[in-house]
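The block underneath contains the structure these notes are about, expressed in structure tokens.
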Amino acid sequence: MVDTDRIVGTAKDLGGRAQGAVGDALGSNRDSLEGRYREAEGRAQRIYGQAKDTVRDLADDVGDYAEEAYDRVSRHGGTYLRDGRERVETQVGENPFLALLIAGAVGYGLALLLHSRR
């Protein structure tokens, strides 16, 4: 859906160009300057409308992606959790020392985080 600011801005832009051209042709500085001002105002309004359209489209896309992700997790969430748990169990079983070292590093990092907040 096209934003009304884009339509109105384009109309002002075109009207300002026409007024500026007529002012230039007739030698009227007032009409020429007024036309240039309307042209700039129209461009700004059109760009504002384009930005609103872009944000609206982006919000729609984000909503669609979030809905799709939610559907995937609802359908396959249990499988992902089960597979992840099994992989962690396998890695810990094969490398207990490395798992202990990683757990210690994570604990140390959390302690630093909590200690620095005081």
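Please treat every number below as a calculation from the coordinates, not as lab data. The structure presented is a predicted model; accordingly, all values stated were derived computationally and were not measured. All Cβ positions, even for glycine, are placed from backbone atoms using ideal geometry, and neighbour counts span all protein chains on display.
Restricting attention to the range 19-50, which residues are surrounded by 13 or more Cβ atoms within 10 Å (Cβ to Cβ), small (Gly, Ala, Ser) and not in a loop (DSSP other than H, G, I, E, B)?
If the condition is that a residue be surrounded by 13 or more Cβ atoms within 10 Å (Cβ to Cβ), small (Gly, Ala, Ser) and not in a loop (DSSP other than H, G, I, E, B), then Gly20, Ala21, Gly23, Ser32, Gly35, Ala40, Gly42, Ala44, Gly49 are the ones that fit.
Report, by residue number, each residue of the range 64-95 that is among the β-branched types (Val, Ile, Thr) and either more than 33 Å from the chain's Cα centre (by Cα) or exposed (fewer than 10 other Cβ atoms within 10 Å of the Cβ) (or both).
Thr79, Val88, Thr90, Val92 - these are the residues of the range 64-95 that are among the β-branched types (Val, Ile, Thr) and either more than 33 Å from the chain's Cα centre (by Cα) or exposed (fewer than 10 other Cβ atoms within 10 Å of the Cβ) (or both).
Of the conditions (1) assigned to a helix (DSSP H, G or I); (2) under 32 Å from the mean Cα position of the chain (by Cα), Val2 satisfies every one except a single condition; which number is it?
Result: Val2 fails condition (1) only.
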